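Each remark here refers to the structure printed beneath this line.
We did not get these values from a lab; they are worked out from the coordinates using the rules stated. All figures in this text were calculated on a predicted structure; none of them were measured in a lab. As a convention, Cβ positions derive from the backbone with ideal geometry for all residues, glycine included, and neighbour counts pool all protein chains shown.
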Amino acid sequence: MTDLATLELDLINAIGGAESVAALEEVRVAALGKSGSVSGLLKGMGAMSPDERREQGPMINGLRDRVAAAIAARKAELEAAELDARLQAERVDLTLPARPRRKGGVHPTMQVMDEMIALFAEMGFAVAEGPDIEDDFHNFTALNFPPKHPAREMHDTFFLKPDPETGERKVLRTHTSPVQVRTMMSQKPPIRIIAPGRTFRKDSDATHTPMFHQIEGLVIDRDIHMGHLKTTLQTFIARFFELDEVQARFRPHHFPFTEPSAEMDIRCDRSGGKLVFNTGDDWLEILGCGMVHPNVLKNCGIDPDEYQGFAFGMGVDRLAMLKYGVPDLRPMFDADTRWLAHYGFSAFAAPNPASGLS
Ligand code: PHE
């Protein structure tokens, strides 16, 4: 047998005998690597006479091609076998009972969202939804933000790339208030909705994250006034924090889409290093609210002389932190299972007003 034939036989045997991708890689390096046996033969061709090269060249190249093909074929085989073995090993038997030790849990934001939906549902509110990617009209214009007004900047808006044809720039909604617009444009009063969802602003520190959650409320009917707004929100906040009543104040504020506008504060005491509601001289801001601005009603095709309404919006994550003693907002969105195991809720403890909220 010629030397070349012996080498080929040895290599083919070694390739067939490699039992893992790693072992096969060693064979490949020993043959086709920089100082491999086949590479050495290829390099040697440079020193041959033209006649020798004409004779040896095709044989050496042929050997190289056959060895390379054998390695590729074996590699595919080994990879398929390794995948099979992994699939076998990682199989989950779904008929096994769940392990009693809880690994994950319902995120406090989602738990609080469900609590809020349960409470508002009891007060006769339906859930409405809108898209996370909004257009300027729904997020700003219809809500009475004047064009080019700094109030648009106030929201630290994330703008998407302009549409190549229209030049229109969509935004990641900066609040859930565009759902007010969508609801008023698609439904006739009376309207009583809440709109929970994700919202986005360019902001990041211990109390702000670029993505957070809000819940919006909107009531439109005849003869709606500020008294309805106050009672609805005081009832909700008292029930949410499981208090008999809530000592609140409505501090004048400004939003382009409500008039008058207010922020609702709850009386609290922080002096003992702990937050206690309904005593002390401190006030904790909880939400923004107001009577729907007549321009917003008009923009949505509702006659402000016939119908009035109120609206409110609050940060769900922040209320979850307050209720369940979460000190920092950022880890809420780190998806760390240790954090979730500590602050999360059992999936079996879905809130409903009959059995208690939490
Ligand atoms: N959209 C306001 C915000 O994000 C909150 C708000 C909603 C205020 C509804 C008034 C009425 O700050």
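Tabulated results
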| quantity | calculated |
| --- | --- |
| The chain: DSSP helices with Cα axial extent of at least 18 Å and average Kyte-Doolittle hydropathy no lower than 0.0 | 3-17, 108-122, 226-240 |
| The chain, relative contact order [Cα under 8 Å, separation at least 6], % | 17 percent |
| Within segment 197-260, trypsin sites (Lys or Arg not before Pro) in DSSP loop having at most 16 other beta-carbon neighbours inside 10 Å | K202, R222 |
| Computed [θ] at 222 nm, deg cm²/dmol, the chain (DSSP H ≥ 4; -39,500 (n - 2.57); rounded to nearest 500) | -12500 deg cm²/dmol |
| Proximal lysine pairs, the chain, alpha carbons under 14 Å, eight or more residues apart or interchain | 4 |
| Least to most buried among M185, M321 (fewest other Cβ within 10 Å first) | M185, M321 |
| Volume per residue of the C-alpha convex hull in the chain, rounded to whole Å³ | 266 Å³ |
| Alpha carbon centroid spacing (whole Å) that separates segment 157-214 from segment 236-311 | 20 Å |
| Student exercise, the chain dipole from Lys, Arg, Asp, Glu Cβ charges, in Debye to nearest 20 | 260 debye |
| Loop-located chymotrypsin sites (Phe, Trp or Tyr not before Pro) in segment 266-358 whose Cβ has at most 11 other Cβ within 10 Å (DSSP) | F348 |
| For T258, distant residues with modelled amide H under 5 Å away | H293 |
| Fewest-first ranking of V112, V296, V276, using other Cβ atoms within 10 Å as the exposure measure | V276, V296, V112 |
| Coil-residue trypsin sites (Lys or Arg not before Pro) of segment 318-347, DSSP, other Cβ within 10 Å capped at 13 | none |
